[in-house]
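Contents: one structure, followed by commentary.
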Amino acid sequence: MSLQTLASATAPARYKAGTTDTRAAIVSVAERWCRRVGFRRTAVADIAAELGMSPSNVFRFFSSKAVLGDAVAERVLGGIVETLHGVVARADLAPPDRLRALLLAWVETTATVLGTDDHMRELIEAGMGESWKACAEHTNQIDRLLRLTLESGAVSGDFAVRDVAVSVGCVRAAMLAFTYPGLLGQAAPDTTPRQIVAFVLYAVSVGRCAPPSAWPETAKRPRSFCATEEPS
């Protein structure tokens, strides 16, 4: 089946001239194509054909295929950040619980959005490799949420963080195996997200988390290594 036939067989109602949000319509169709065949095999001509417009009209809104891919990446990654904002906004959680919830939500949301979609993971990988604006902004937003959480813990006395910027970078690096598109599913089989999160909490906390000597025993429990109970 050719790509053109695939478009005809699966296309929704065709785009009509005069629709107010043309840009959003183009991004929606581009996202569908990226999910079907991957970013590299997606052609602007196929997107335009599905919308009933010419490729030149698509380029009126997006100067290149990469810019269009950036817009798709922004939509996809925006869903991850939106979820994490909700976690950080939870005033009912103490800083250690908030950091734990943030990191676990980051892992779980990334796995949901990208873990089983090879084509979408390819798109985000391409964007990170080419420093697309959406991917850079995604990293900035993650860093901001980590910084806010670490700062609140430092103020409350829960975290021993001397240099927040350095700590943010270290936390992000510790989570890479479970949050970076190109590394998803490649973590050592005996290393779990909860183990890494517990390690991070121990590293930034002041005597509130179990020391490394306790890890083998607590690793069997369906909870983190921190002494505080996980929020429901």
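The values are calculated or read from the model by the stated rules, or taken from the named source; none is laboratory data. Only a predicted model underlies this, so the values are computations on that prediction, with no experimental measurement involved. Using ideal geometry, Cβ is built from the backbone for each residue, glycine included, and neighbour counts are taken over all protein chains shown.
Points worth noting:
- Selected residue (only one of Thr110, Thr139 is in contact with a Ser or Thr (Cβ under 7 Å, 6 or more places away or on another chain), closer than 28 Å to Val29 by Cβ and either outside the structural domain of Glu31 (by TED's automatic domain parsing) or surrounded by fewer than 18 Cβ atoms within 10 Å (Cβ to Cβ) (or both)): Thr110
- The lone criterion from (1) part of a helix (DSSP H, G or I); (2) not assigned by TED's automatic domain parsing to the domain that holds Val197 left unmet by Arg121 is number (2).
- Out of Arg98, Arg90, sole residue that is surrounded by fewer than 17 Cβ atoms within 10 Å (Cβ to Cβ), in the same structural domain as Leu201 (by TED's automatic domain parsing) and under 28 Å from Phe178 (Cβ atoms): Arg90
- Hits in segment 166-199 (condition: surrounded by 12 or more Cβ atoms within 10 Å (Cβ to Cβ), over 19 Å from the mean Cα position of the chain (by Cα) and at pLDDT 90 or above): Ser167, Gln195, Ala198, Phe199
- Scanning segment 155-192 for residues that are part of a helix (DSSP H, G or I), in contact (Cβ under 8 Å) with a residue 40 or more places away in the chain and within 17 Å of Leu99 (Cα to Cα) turns up Ser156, Val171, Phe178, Thr179.
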